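To start, the structure under review is shown below, and the notes come after it.
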Amino acid sequence: MKRILVTLAALVAMAVPAAAAEVGDDGLHKTDWMRQTFLDLREDLAEANAEDKRMALMFEQRGCIYCKKMHEEVYPRPEIADYIRNNFFVVQLNLHGNREVTDFDGEVLGEKALARKWGILFTPTVLFLPEEVQEGESAKQAAVAEMPGAFGWQTTLDMLTWVNEKRYALDNDEDFQRYHARRIRERQAAQEE
């Protein structure tokens, strides 16, 4: 009986994510994979490319229950945190913040004005950028994918993988929804074996 309880406790410990991110003075969750930058998106993209990482812009806000859910239940999972850390250059933006951001099109706006410009309505919202952004394009126009809201860890991991592997650019009929459905079937099949 004792062995069963110890095994059960070990399984529960593995299923529970590591400690959630701390909350900063701005009320937003902070993780070690978020980058502190001068918020010039062209410079940030160049740095992401130099590190062979994909750039992601993450809008959050103080008191966001869905941001909290992601930072407590999804992002701390080792498979998610490690994938982000190894493959993404994440810049956090505050939906109601005032820090000045230089968009790819050269326009300089505070975070909340930028959110309005890009039509960001929900938090969290993550915009994923390509390696190159054309002159005159904003980040929103250039984005290869957008993840608005909170999702489970498998959906999040599939989105990260789909973007990182540039599956959006493949000449096939497998958009993200079809890719995600296939990955769900593959995981279920693997569990049945």
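Okay, residues lined up against (1) in contact (Cβ under 8 Å) with a residue 40 or more places away in the chain; (2) within 25 Å of T31 (Cα to Cα); (3) out of contact with any strand residue (DSSP E or B) (no Cβ under 9 Å at 6 or more places or on another chain):
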position	(1), (2), (3)
Y83	yes, yes, yes
D103	yes, yes, no
G119	no, no, yes
F128	yes, yes, no
Q191	no, no, yes
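Any idea how many residues of segment 81-91 are touching a Leu at 6+ places or on another chain (Cβ under 6 Å) and surrounded by 18 or more Cβ atoms within 10 Å (Cβ to Cβ)? The total comes to 1.
Pairs meeting the criteria (first residue in segment 29-50 and without any contact (Cβ under 8 Å) to a residue 60 or more places away in the chain, second residue in a helix (DSSP H, G or I) and among the small types (G, A, S), beta carbons under 8 Å, at least 6 apart or on different chains) are T31/A81; W33/A81.
Selection of segment 39-53 for residues being closer than 22 Å to M159 by Cβ and either among the hydroxyl-bearing types (S, T, Y) or not in a helix (DSSP H, G or I) (or both) yields E51, D52, K53.
For segment 96-105, which residues satisfy the criterion of being in contact with a Lys or Arg (Cβ under 8 Å, 6 or more places away or on another chain) and either closer than 13 Å to F59 by Cα or part of a loop (DSSP other than H, G, I, E, B) (or both)? Steps first, please.
Here is the first cut: in segment 96-105, the ones in contact with a Lys or Arg (Cβ under 8 Å, 6 or more places away or on another chain) are 96-98, 102-104.
Of everything in segment 96-105, those that are in contact with a Lys or Arg (Cβ under 8 Å, 6 or more places away or on another chain) and either closer than 13 Å to F59 by Cα or part of a loop (DSSP other than H, G, I, E, B) (or both) turn out to be H96, G97, N98, D103, F104.
When segment 44-74 is filtered for residues that are of a type in the set (D, E) and closer than 22 Å to L28 by Cα, the ones remaining, listed by number, are D44, E60, E72, E73. A single entry from G110, G97, G63, G27 fulfils the requirement of being out of contact with any Leu (no Cβ under 7 Å at 6 or more places or on another chain), on the phi > 0 side of the Ramachandran plot and modelled with pLDDT of 95 or more: G63. The set of residues from segment 54-70 being surrounded by fewer than 20 Cβ atoms within 10 Å (Cβ to Cβ) and not in a helix (DSSP H, G or I) comprises R62, G63.
The values are calculated or read from the model by the stated rules, or taken from the named source; none is laboratory data. Computed from a predicted model, the values in this text were never measured in an experiment. All Cβ positions, even for glycine, are placed from backbone atoms using ideal geometry, and neighbour counts span all protein chains on display.
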